[in-house]
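Inspection log for the structure reproduced underneath, given as structure tokens.
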Amino acid sequence: MQTVDGGLREQHKAKRRARILDATRELLREGPESVLTTERIAERAEVAAATVYNLIGPREKIWEALAAGFMDELERRLAVSAPGDPREVVRSTVRLFVEDPVVSRRMVRGWEESGLVLHRGPLTWLRRAMAEAQAQGVLRADVRTEALAAVVGASCVGALHQWVAALIDDDRFLARALFALDVALAAAAADAHRDRLLTPLLTRGTATA
């Protein structure tokens with residue numbers, strides 16, 4: 001059983017950790033290409049440099065913590081929007097990154113494991129949404145919805161990295177992510193829903209190019 005003192009210590013740690021991450025975001029927004037150091041973060045967060053290292057870790061862990069923050073916010077948004085709609089999962093994910101482009105681009109570029117950035121939040125919600133679509137008879141019963149969600153997630157990560165590299169703009173980022181989802185849904189559609197799920201592909205413009 002946790003003591004009152006122990007609980008207060010954990011609360012103080014959580015507040016200092018949040019302050020450190022807020023300071024990191026502020027520094028990134030102020031100087032998108034500036035060098036991010038533990039000392040600068042500590043000074044902005046008004047903590048010791050050792051506190052940054054102890055509560056979060058070296059730079060790689062800072063990027064990881066920022067990515068986790070993105071996913072926490074995404075889960076909050078999806079919980080109050082349309083969690084059963086896979087298109088809303090994709091839209092909300094893209095919207096989250098483009099709303100804070102400086103921080104998200106630096107995080108993706110700096111984090112060696114950025115290929116995992118969508119692994120927790122979007123994939124979890126996509127799996128649920130696709131499993132629900134299968135239960136409702138929209139997707140064929142023989143389809144492995146977890147594998148289908150993984151393919152869409154991989155495509156979205158690819159689109160994210162293209163956007164981070166400024167190879168595509170915000171609109172094409174969203175269009176390519178949705179295109180990957182629509183292809184997957186059309187390929188797995190049950191007969192009664194195939195025409196409806198094919199429609200987005202047949203009416204799509206050139207935004208995915």
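Sort largest first and round to whole Å: the equivalent ellipsoid semi-axes of the stretch 30-124, each the square root of five times a Cα gyration tensor eigenvalue.
Numbers: eigenvalues 157, 36, 29 Å².
Rounded to whole Å, the semi-axes are 28, 13, 12.
Length gain on complete extension for the stretch Glu113 to Asp85, per 0.36 nm per residue less the alpha carbon to alpha carbon distance?
7.3 nm
For the chain, give the percent of accessible area contributed by carbon and sulfur heavy atoms, probe 1.4 Å, rounded to a whole number.
On the way: 5960 of 11140 Å².
Within the chain, the accessible surface is 54 percent carbon and sulfur.
Of Leu74, Leu116, Leu167, which is the most mobile in a GNM of the chain whose springs link Cα atoms less than 10 angstrom apart?
Highest fluctuation among the options: Leu167.
Averaging the inverse of every distinct alpha carbon separation and then flipping it gives the Kirkwood radius. What is it for the stretch 69-176, in angstrom units?
14.2
Label points 7 Å out from Cα along the Cβ direction at Lys13 and Ala147: separation in nm?
With each label point 7 Å from Cα toward Cβ, the separation is 4.2 nm.
How many Å² of accessible area per residue for the chain, probe 1.4 Å?
Per residue, the chain has an accessible area of 53 Å².
Can you tell me the FRET efficiency between Ala192 and Lys61 if r is taken as the Cβ-Cβ distance and R0 is 41 Å, rounded to the nearest 0.05? Spell out each step's value before the answer.
On the way: r = 49 Å, r/R0 = 1.19.
E(calc), rounded to 0.05, equals 0.25.
Over what distance in Å are the Cα centres of the stretch 97-162 and the stretch 20-56 separated?
29
Find the Cα radius of gyration of the stretch 76-129, compare it with 2.2 N^0.38 Å by division, and give the number to two decimals.
Here the Cα radius of gyration is 1.18 times the empirical estimate.
Mind pulling up the Rg/Rh value for the chain? Radius of gyration and Kirkwood radius, both on Cα.
With Rg and the Kirkwood Rh in hand, the quotient comes to 1.06.
Within the chain, which whole H helices from DSSP have a Cα span along their axis of at least 15 Å and a mean Kyte-Doolittle hydropathy of 1.0 or more, if any?
145-164
The values are calculated or read from the model by the stated rules, or taken from the named source; none is laboratory data. Please read all numbers here as calculations on a predicted model, not as lab measurements. Note that each Cβ is placed from the backbone with ideal geometry, even for glycine, and that neighbours are counted across all protein chains shown. These area figures cover heavy atoms from the full protein model, side chains too; ligands, DNA and RNA do not enter into them. Shrake-Rupley method; radii C 1.70, N 1.55, O 1.52, S 1.80 Å.
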